[in-house]
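The values are calculated or read from the model by the stated rules, or taken from the named source; none is laboratory data. Being a predicted model, the structure only gives us computed values, none of them experimental. Note that we place each Cβ from the backbone using ideal geometry, even for glycine, and neighbour counts take in every protein chain shown. Ligands, DNA and RNA are excluded from the accessible area calculation, which covers all protein heavy atoms including side chains. Shrake-Rupley method; radii C 1.70, N 1.55, O 1.52, S 1.80 Å.
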Amino acid sequence: MLRDQKKHIICIANQKGGVAKTTSTAYLGAALARLHRHVLVIDSDPQCNLTYSLELDEAQQEFCLENNLASMYESGHPAESCLVSIRDNLDLISASPDLVMTEVTLDSQPEALSGEPEAILKQALAPIANRYDYILIDCPPSQGMLTLNGLVAAQWVLIPTLASVISLTGLERMIEQVHEIVHGDPPINAQLEILGVLLTKFRKDRTVELELEKRLRSLPEEFTVFKTVIPDRSQFELLGELKVQTGRHLLDLSMVSYSLLPYLTLAMEIEKILRQKSLPPAFGK
Ligand SMILES: Nc1ncnc2c1ncn2[C@@H]1O[C@H](COP(=O)(O)OP(=O)(O)OP(=O)(O)O)[C@@H](O)[C@H]1O
Ligand SMILES: [Mg+2]
């Protein structure tokens with residue numbers, strides 16, 4: 001059982017904006033929770049889209065004003081004191097707009113913070129990480145210190161991308177950043193691996209997207225392109241745009257919503273990949 005093995009910390013990152021990092025964090029988190037895994041999602045983006053899309057109640061919103069990722073970085077609040085329960089098996093550490101200043105401090109005055117500036121999140125998560133099967137970190141669309149902290153805290157990075165030429169350039173840069181983190185001298189996080197590249201908002205009716213998918217899958221690089229692709233569906237707009245009315249409904253774990261379905265398939269694919277990776281090499285095929 002995964003529960004008895006080590007937790008999986010997955011950073012969901014791509015410096016390209018709008019590729020469904022936040023949507024994928026929310027739905028993959030919900031899908032894994034529905035599969036009875038214990039999941040923590042972390043909003044590491046000053047835009048706070050993940051926090052807003054989970055539609056916290058008033059008491060939770062009040063709580064998150066003081067207890068959030070920025071207060072973990074800036075005031076050393078223990079992660080334990082920032083956890084918000086969203087659903088059975090699904091917890092959140094929220095973002096706040098203060099994360100903008102946190103990133104500036106991480107960059108320009110790291111001495112004002114305790115510990116290595118790129119490893120603060122990793123250290124903060126250590127006391128609670130074993131409670132969870134999965135910790136998913138939603139990164140901002142940049143390669144700055146918040147993303148770096150996510151990549152240092154994680155063992156895996158999941159890279160969502162659109163099947164467009166511009167997005168694939170973003171993907172290349174992301175892969176370069178991972179390479180620097182793993183193979184730098186000294187490595188910043190030698191354990192980091194690309195769990196997979198996820199094609200999002202995918203339109204099968206567009207030849208250009210099908211061709212780019214084919215190209216991506218035939219690249220010689222050693223990374224997985226998930227078999228699961230997330231189709232372009234107007235319903236996904238609801239998560240970001242109409243959260244107040246619909247956020248809870250869309251993440252309702254008691255039903256399999258239209259939008260959750262591809263992420264359930266992805267969650268099962270990820271579990272299979274992780275099971276294979278944990279087998280001794282002779283069985284890992
Ligand atoms: N499969 C999908 N089909 C259609 N729209 C989608 C899909 N997934 C996400 N979207 C929409 O695309 C927009 C961007 O998604 P999202 O905010 O998840 O991207 P992001 O990568 O987190 O963006 P940012 O870089 O700004 O953090 C949102 O309006 C969201 O509702
Ligand atoms: Mg986002």
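Annotations
- Matching entry among GLN155, GLN123, GLN143 (being within 16 Å of ligand 1 (Cβ to nearest atom), closer than 22 Å to ILE12 by Cβ and open to solvent by 20 Å² or more (accessible area, probe 1.4 Å)): GLN143
- Segments classed as helices (runs of 4 or more DSSP H), wholly inside the stretch 1-118, with at least 2 members that are within 29 Å of PRO187 (Cα to Cα): 21-34, 69-75, 99-108
- Any hit, the stretch 73-83, residues being within 16 Å of ligand 1 (Cβ to nearest atom), at negative phi and more than 14 Å from the chain's Cα centre (by Cα): no
- Check on ILE137, within 16 Å of ligand 1 (Cβ to nearest atom), within 27 Å of GLN60 (Cα to Cα) and of a type outside the set (S, T, N, Q): yes
- The test for being in a helix (DSSP H, G or I) and modelled with pLDDT under 80 holds for ALA282.
- With respect to the conditions (1) surrounded by 15 or more Cβ atoms within 10 Å (Cβ to Cβ); (2) over 18 Å from the mean Cα position of the chain (by Cα); (3) aliphatic (A, V, I, L, M); (4) at pLDDT 90 or above, LEU210 falls short on a single one, namely (1).
- The numbered conditions (1) of a type in the set (Phe, Trp, Tyr); (2) open to solvent by 30 Å² or more (accessible area, probe 1.4 Å); (3) within 20 Å of the chain's Cα centre (by Cα) are all true for TYR132 except (2).
- For beta carbons closer than 6 Å, sequence separation of 6+ or different chains, a first residue in the stretch 45-56 that is touching a residue at least 24 places away in the same chain (Cβ under 8 Å) and a second that is in a loop (DSSP other than H, G, I, E, B) and near ligand 2 (Cβ under 9 Å from one of its atoms), the qualifying pairs are ASP45/PRO140.
- Residues of the stretch 158-177 classified as part of a helix (DSSP H, G or I) and open to solvent by less than 10 Å² (accessible area, probe 1.4 Å), total: 4
- Every listed requirement among (1) within 16 Å of ligand 1 (Cβ to nearest atom); (2) modelled with pLDDT of 95 or more; (3) basic (Lys, Arg) is met by ARG173 save one, (2).
- Subset tally (residues that are in contact (Cβ under 8 Å) with a residue 60 or more places away in the chain and open to solvent by 20 Å² or more (accessible area, probe 1.4 Å)) for the stretch 21-43: 6
- Note on the stretch 179-205: residues that are open to solvent by 70 Å² or more (accessible area, probe 1.4 Å) and either touching a residue at least 12 places away in the same chain (Cβ under 8 Å) or over 22 Å from GLY17 (Cα atoms) (or both) total 10.
- The residue list ALA59, ALA30 contains one member that is among the aliphatic types (A, V, I, L, M) and within 16 Å of ligand 1 (Cβ to nearest atom), which is ALA30.
- Matching residues, the stretch 58-76, being charged (D, E, K, R) and loosely packed, with under 12 Cβ neighbours inside 10 Å: GLU58, GLU62
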